[in-house]
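*Asks:* Sharing a structure, written as structure tokens. Questions coming.
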Amino acid sequence: MTYIRETCGCCDCEKHCGALDIVFVIDSSESVGMTNFTLEKNFVINTINRLGSMASDPTSPTGTRVGVVQFSHKGTFEVIRLDDPSIDSMSSFKTAVKNLQWIAGGTFTPSALKFAYDNLIRDSKRARAKVSVVVVTDGRFDPRDDDSKLRYLCDDPNVVVNAIGVGDMFDKEHDSETLVSIACNNKNRITEMKKYTDLVADNFIQKMETVLCPDPVIKCPDLPCKTELAVAPCVGRPIELVFLLDGSERLGMENFGHARHFVEMVANALTMAKNRNDQNGARLALTEFGNENENQVAFLLTHEQKAITSGLSGLHYLDASSAVGPAIFKTINEILGKGPTRKTRRGAEVSFVFITDGITNITNLDEAASAMRREHIFSTVIATGSDVDEEVLTTLAMGDQTAIFKSQKFSDLLQPSFFDRFVRWVC
Ligand SMILES: *[C@@H]1O[C@H](CO)[C@@H](O)[C@H](O)[C@H]1NC(C)=O
Ligand SMILES: *[C@@H]1O[C@H](CO)[C@@H](O)[C@H](O)[C@H]1NC(C)=O
């Protein structure tokens, strides 16, 4: 409740982009690779995060609707439709995007563009909506595909196409031509970048925001403190949120207290599951890590506030050195569980939240990060202080800079501006 009280009055205004349909067409071929594919998905999520609210009803004539086509070889297209009635909020959209699996086949970009138009755009267009298509490709499309289809979207005057080319392929004249064709010869609508990580860079996301939503309307509520405006986050799907708290001496006793308070606030702000089999809502767990053999599980995955509160109050500050790798393995084994003793709910999104400055023993860190990847764990890093180890933080965040939340002072974690952003992100 404190969370609601603190946020209202300042940040309840919503941004509206008008009647807008956005279709992302992202490359899911072998040559992109798993990590880069995840970056493409994060690019989609981060961009949409910036655009404010989504249409709550896909048949309504106004509001933003978003669709995604991921493509690989001929006939393998996976889609999130613009008019999917189950996509009625940012969080259902995020879940759908996170669930897209890397296809890892050949690259049929021209066919994918035709597919996007014929299946998503043509029949679900709304009368006055603008349609923007964003195509991400590494440019290596299969020569057996029909390259005249690269311009398939250009025949419709209501559709605007943005083409993003990633990788070194675009140094060659020929491949730049591919991008120009996709963007219907409009050179202002092509972007070439060297690395997939550039997709999620802040300044690029900001640019996309302006391209897709050039004239936003900001709507603020009349009464700044209506409680129903504070939408309870993490509703409608199962999420297992596991905190890994660095208990090293660098933290200090006072910050240790702040960290406990922060976790308690998260437990209060999220919609928790009603019982261990509830297919909706969040459950939390927390491990504090110190030296290799000195990890303390404060509480296993639970939906009960009582278990969380008593787990936190029983947690003592380790005040030693720390090693994050072994803590990750222990958390996977003991908190998530394996095979028949699996403790996570079926289909649940598992999220690890590291609270650390990254200055920790890095033995087995890469192996631990690979294990997280195998387990399809989403990772978020809360990095505190000015003296941090960027490389370790990046590894923990599995290469995604946008998953790293920085704050100079530990107490900032408790501020609405930080807290709110964090809750929106994990939900
Ligand atoms: C990911 O993309 C980068 C370029 O951004 C490339 O160097 C790297 O090889 C790709 N990774 C995989 C696994 O293909
Ligand atoms: C890190 O941990 C490993 C394994 O416990 C240990 O052998 C090594 O000495 C530690 N490194 C540092 C710098 O403490």
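*Asks:* Calculate, for the chain, the solvent-accessible area per residue in square angstrom, rolling a 1.4 angstrom probe over the heavy atoms of the protein chains.
*Replies:* 44 Å²
*Asks:* Over all pairs of distinct alpha carbons, what does the Kirkwood formula give as the hydrodynamic radius of the chain, in Å?
*Replies:* After inverting the mean inverse Cα-Cα distance, the result is 22.8 Å.
*Asks:* Would you mind telling me the share, in percent, of accessible area of the chain contributed by carbon and sulfur at probe 1.4 angstrom?
*Replies:* Within the chain, the accessible surface is 50 percent carbon and sulfur.
*Asks:* Round to the nearest 10 and give me the degree value, 0 to 90, for the angle of helix 202-212's Cα axis relative to the longest principal axis of the chain.
*Replies:* Computed tilt is about 40 degrees.
*Asks:* Using Cα-only point scatterers and the Debye equation, what is log10 of I(q)/I(0) for the range 54-129 at each q in 0.18, 0.19 Å⁻¹, rounded to two decimals?
*Replies:* -0.75, -0.82
*Asks:* How much length is gained if the chain between Lys406 and Ala320 is pulled fully straight, taking 0.36 nm per residue apart and subtracting their Cα-Cα distance, in nm to one decimal?
*Replies:* Extra length from Lys406 to Ala320 when fully extended: 28.7 nm.
*Asks:* Follow-up question, since we're still on this one. Report the net charge of residues surrounding Phe422, where surrounding means a beta-carbon distance below 12 angstrom and charges are Lys +1, Arg +1, Asp -1, Glu -1.
*Replies:* Its environment carries a net charge of +1.
*Asks:* In degrees, nearest 10, range 0 to 90: what is the angle between the Cα axis of helix 365-374 and the longest Cα principal axis of the chain?
*Replies:* For helix 365-374, the angle is close to 60 degrees.
*Asks:* Using C-alpha positions alone, give me the convex hull volume of the range 320-427 per residue in cubic angstrom.
*Replies:* 113 Å³
*Asks:* Between Arg144 and Thr309, what length in nm is gained on full extension when 0.36 nm per residue of separation is reduced by their alpha carbon distance?
*Replies:* That pair, Arg144 and Thr309, stretches by 53.3 nm at full extension.
*Asks:* Still on this structure, please answer the following. Points 7 angstrom from Cα along the Cβ direction at Arg424 and Phe329: gap in nanometres?
*Replies:* 3.9 nm
*Asks:* Report the gain in length on full extension from Arg374 to Thr341: 0.36 nm times residue separation, minus Cα-Cα distance, nm rounded to one decimal.
*Replies:* 10.1 nm
*Asks:* Taking the 0 to 90 degree range and rounding to the nearest ten, how far is the long axis of helix 173-182 tilted relative to the main principal axis of the chain, both from C-alpha atoms?
*Replies:* Helix 173-182 sits roughly 90 degrees off the main axis of the chain.
*Asks:* Loop only per DSSP, at most 13 neighbouring Cβ atoms within 10 Å: give me the trypsin sites (Lys or Arg not before Pro) in the range 73-172, ordered by residue number.
*Replies:* Passing sites in the range 73-172 are Arg122, Arg128, Arg144, Lys172.
*Asks:* Looking at the range 243-298, which trypsin sites (Lys or Arg not before Pro) are in a loop (DSSP not H, G, I, E or B) and have at most 16 other Cβ atoms within 10 Å?
*Replies:* The qualifying sites are Lys274, Arg276.
*Asks:* Per the Kirkwood treatment, what hydrodynamic radius in Å, one decimal, follows for the range 35-84 from the mean inverse distance over all distinct Cα pairs?
*Replies:* 12.4 Å
*Asks:* Can you tell me, using C-alpha contacts under 8 Å and at least 6 residues apart, the relative contact order of the chain as a whole percent?
*Replies:* 14 percent
The values are calculated or read from the model by the stated rules, or taken from the named source; none is laboratory data. Just so we're clear, the structure is a prediction, and the values are computed from it rather than from any experiment. In this analysis, Cβ positions are derived from the backbone assuming ideal geometry, glycine residues included, and neighbour counts consider all displayed protein chains. In case anyone asks, the SASA skips ligands and DNA or RNA and just uses the protein heavy atoms, side chains included. Shrake-Rupley method; radii C 1.70, N 1.55, O 1.52, S 1.80 Å.
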